[in-house]
Ligand SMILES: Cc1cc2nc3c(=O)[nH]c(=O)nc-3n(C[C@H](O)[C@H](O)[C@H](O)COP(=O)(O)OP(=O)(O)OC[C@H]3O[C@@H](n4cnc5c(N)ncnc54)[C@H](O)[C@@H]3O)c2cc1C
């Protein structure tokens, strides 16, 4: 496998790999990573779909990429996906997946047209004082020390950041900045998280710095990502003959490890409670999703707080990864990620309402009609003086194809689990849906005497979801904690998803899952075409200058006269001036 960039490789079709007709693939986990691996094996590896089996513990595909109407309780989304144009592997996949709604179009076409017609941007990035403008005014407010620290982090080598926390490299001045407010709420970073990951994010998205304050950097799907991404992908894979087997918990993949090679020889599973499995030869390829940010996620309801269960249970993804990791050091160290739930937890909630008073309060903040069908909040609105550091968002409505006209689906989340709420006086993790609704209404600026009534199930339904491992991948780490997609010496197996190692890309993205799926397929089948490299804006001097200018909030750099003269009439000088950096 090799990386490439540009149209030559992007439009080329690889030849059928030698020996592919004899291969079979067993994919563990039907999240985006597993589905992508199947998609690339079929499209680029030309492996017959009938020879691919996806083993999934749950009753439906999609994993973290969810969105469901639960007949008993209502609409549920654990999250929404901020996306961008440089999800190179993801768009490479979805250009081939037919849309379920627009005849003749791909999922990429549909997404492209939608975001052209209705570009995303926010008119109110943050609030304070119960619904007033948060006063961020598009600034980053980074002082001199903060700018210095951020630049140092941006330039640091990976190995110098191993096991380091963000607050070890970025000090109090940085953490008081508006930049950090945008950043942490947009990506869910906490100060104890990995400084390495923070650096990778900075580098990976440096071309988006200018679009951070108003979210013009972001793009969104039409509906929730289960309906807009997972369903068409699954439908397409099924049409290719790929087999989906649900209610099947893979317990172990057993390897035969000799001096030079590591070969997967057996998958053990439990299907509807009955033990089973399959023996493997070198022609049987195994692709394992190791680790999941939504493992043990638990729903509460309007009247009940969700249960917090951070135990590693047999049959889950952590316990599977532990069993595999015990067999060889190159298979990673799952306990780095799954043993500190107090550092990896937060909670979200899905609120559904058609109440005119609540709709009015939302409209006052998003400054658009939230039911127009077009961009509403345009990304999250952060309540900067909320004790929970609450953010909430209204995506284009309807957010579900089956959503009744006039209803609004809102996604709410809080980053701080333990602080008592400003209105309800309880920590987020102890709150029922009604209490979360009340806290949200309070911060929207709904009058005190209306909050209690509007938060009842007669006016809205709020369904909270606890996710004890949601930021497990942000735990400080070092080389070897995550296994390579195909670890050294492995002949017929790969790791995919948010806990497999690939160069330069950022976890907590749909792209990361698709990228690892693509790399697994290309490596295991020997597909001879470049995997698109991570977008190279970090090596693009134009992007760097533009970002530097924005991070200084427009304050120009004073160059010594000699340097200034040298830059005169040069391409670099022109660039610096165009971006008003000098
Ligand atoms: C709240 C939230 C917000 C997000 N925001 C964004 C965003 O803004 N932008 C963005 O790009 N991405 C975002 N993401 C990330 C993105 O959705 C995920 O990273 C991606 O969907 C993960 O896919 P995956 O296949 O790697 O893992 P998962 O989706 O976790 O899939 C793992 C699958 O394996 C199954 N499984 C587990 N154990 C076993 C077993 N023993 N046997 C068989 N099957 C098993 C699980 O049931 C699951 O289906 C967000 C995710 C969440 C939850």
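Which condition number in (1) in the same structural domain as residue 321 (by TED's automatic domain parsing); (2) within 30 Å of residue 303 (Cβ to Cβ) is the one that residue 517 fails?
Unmet for residue 517, out of (1) in the same structural domain as residue 321 (by TED's automatic domain parsing); (2) within 30 Å of residue 303 (Cβ to Cβ): (2).
From the set of residues in region 315-336 that are within 16 Å of the ligand (Cβ to nearest atom), in contact with a helix residue (DSSP H, G or I) (Cβ under 9 Å, 6 or more places away or on another chain) and part of a loop (DSSP other than H, G, I, E, B), which is nearest to residue 65 (Cα to Cα)?
Filtering first and then ranking leaves 334.
Give the residue that is surrounded by the fewest Cβ atoms within 10 Å (Cβ to Cβ), with candidates limited to residues of region 416-437 that are over 24 Å from residue 362 (Cα atoms) and without any contact (Cβ under 8 Å) to a residue 60 or more places away in the chain.
418
Tell me yes or no: at least one residue of region 43-52 is in a helix (DSSP H, G or I) and not assigned by TED's automatic domain parsing to the domain that holds residue 499.
Going residue by residue through region 43-52, those that are in a helix (DSSP H, G or I) are 43, 49-51.
Checking the rest, the ones that are also not assigned by TED's automatic domain parsing to the domain that holds residue 499 come to none.
No, region 43-52 contains no residue that is in a helix (DSSP H, G or I) and not assigned by TED's automatic domain parsing to the domain that holds residue 499.
Residue-by-condition table, conditions (1) in the same structural domain as residue 445 (by TED's automatic domain parsing); (2) buried (at least 21 other Cβ atoms within 10 Å of the Cβ); (3) touching a residue at least 60 places away in the same chain (Cβ under 8 Å):
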{"site": "138", "(1), (2), (3)": "no, no, yes"}
{"site": "143", "(1), (2), (3)": "no, no, no"}
{"site": "151", "(1), (2), (3)": "no, no, no"}
{"site": "155", "(1), (2), (3)": "no, no, no"}
{"site": "159", "(1), (2), (3)": "no, no, yes"}
{"site": "172", "(1), (2), (3)": "no, no, no"}
{"site": "185", "(1), (2), (3)": "no, yes, yes"}
{"site": "197", "(1), (2), (3)": "no, yes, yes"}
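On the given criteria, is residue 410 within 16 Å of the ligand (Cβ to nearest atom), under 27 Å from residue 525 (Cα atoms) and either in the same structural domain as residue 89 (by TED's automatic domain parsing) or touching a helix residue (DSSP H, G or I) at 6+ places or on another chain (Cβ under 8 Å) (or both)?
On the way: within 16 Å of the ligand (Cβ to nearest atom): yes; under 27 Å from residue 525 (Cα atoms): no; either in the same structural domain as residue 89 (by TED's automatic domain parsing) or touching a helix residue (DSSP H, G or I) at 6+ places or on another chain (Cβ under 8 Å) (or both): yes.
No: the conditions fail for residue 410.
Conditions first: (1) touching a strand residue (DSSP E or B) at 6+ places or on another chain (Cβ under 7 Å); (2) more than 16 Å from the ligand (Cβ to nearest atom). Residue 463 passes all but one, so which condition is the exception?
(2)
Can you say whether residue 38 is near the ligand (Cβ under 9 Å from one of its atoms), assigned to a helix (DSSP H, G or I), modelled with pLDDT of 95 or more and in contact with a strand residue (DSSP E or B) (Cβ under 6 Å, 6 or more places away or on another chain), as far as the supplied structure shows?
Numbers: near the ligand (Cβ under 9 Å from one of its atoms): no; assigned to a helix (DSSP H, G or I): yes; modelled with pLDDT of 95 or more: yes; in contact with a strand residue (DSSP E or B) (Cβ under 6 Å, 6 or more places away or on another chain): yes.
Taking the combined requirement at face value, the residue does not satisfy it.
With respect to the numbered conditions (1) assigned to a loop (DSSP other than H, G, I, E, B); (2) surrounded by fewer than 21 Cβ atoms within 10 Å (Cβ to Cβ); (3) modelled with pLDDT of 95 or more, which one is the sole condition not fulfilled by residue 57?
Only one criterion in (1) assigned to a loop (DSSP other than H, G, I, E, B); (2) surrounded by fewer than 21 Cβ atoms within 10 Å (Cβ to Cβ); (3) modelled with pLDDT of 95 or more is unmet by residue 57, namely (2).
Do you know which residues across region 297-314 are surrounded by 15 or more Cβ atoms within 10 Å (Cβ to Cβ) and either under 24 Å from the mean Cα position of the chain (by Cα) or in a loop (DSSP other than H, G, I, E, B) (or both)? Write out each step before concluding.
So in region 297-314, the residues surrounded by 15 or more Cβ atoms within 10 Å (Cβ to Cβ) come out as 297-302, 305-306, 308, 310, 312.
Selection gives 297, 298, 299, 300, 302, 305, 306, 308, 310, 312.
Would you mind finding the one in 296, 290 that is modelled with pLDDT of 95 or more and out of contact with any strand residue (DSSP E or B) (no Cβ under 7 Å at 6 or more places or on another chain)?
Values: 290 fails: out of contact with any strand residue (DSSP E or B) (no Cβ under 7 Å at 6 or more places or on another chain).
Just one listed residue meets the conditions, 296.
Does region 356-377 hold any residues that are touching a residue at least 12 places away in the same chain (Cβ under 8 Å), more than 19 Å from residue 80 (Cα to Cα) and in contact with a helix residue (DSSP H, G or I) (Cβ under 7 Å, 6 or more places away or on another chain), and which are they?
357, 358, 361, 365
Could you tell me which residue of region 20-35 is nearest to the chain's Cα centre (by Cα), considering only residues that are under 19 Å from residue 232 (Cβ atoms) and assigned to a strand (DSSP E or B)?
Checking each candidate, the answer is 31.
So the check is Cβ under 7 Å with 6+ separation or different chains; which pairs have a first residue in region 229-250 that's in the same structural domain as residue 273 (by TED's automatic domain parsing) and a second one that's away from the ligand (no atom under 11 Å from the Cβ) and at pLDDT below 95?
Qualifying pairs under 7 Å: 247/272.
Among the helices (runs of 4 or more DSSP H) lying completely within region 431-531, list those that include at least 2 residues that are within 15 Å of the chain's Cα centre (by Cα) and within 30 Å of residue 193 (Cα to Cα). Steps first, answer last, please.
On the way: elements: 433-444, 448-454, 510-525.
In region 431-531, the matching helices (runs of 4 or more DSSP H) lie at 510-525.
The values are calculated or read from the model by the stated rules, or taken from the named source; none is laboratory data. Values in this document were obtained by computation on a predicted structure and should not be read as measured data. Please note: Cβ atoms are built from the backbone with ideal geometry, for glycine as well, and neighbour counts cover all protein chains shown.
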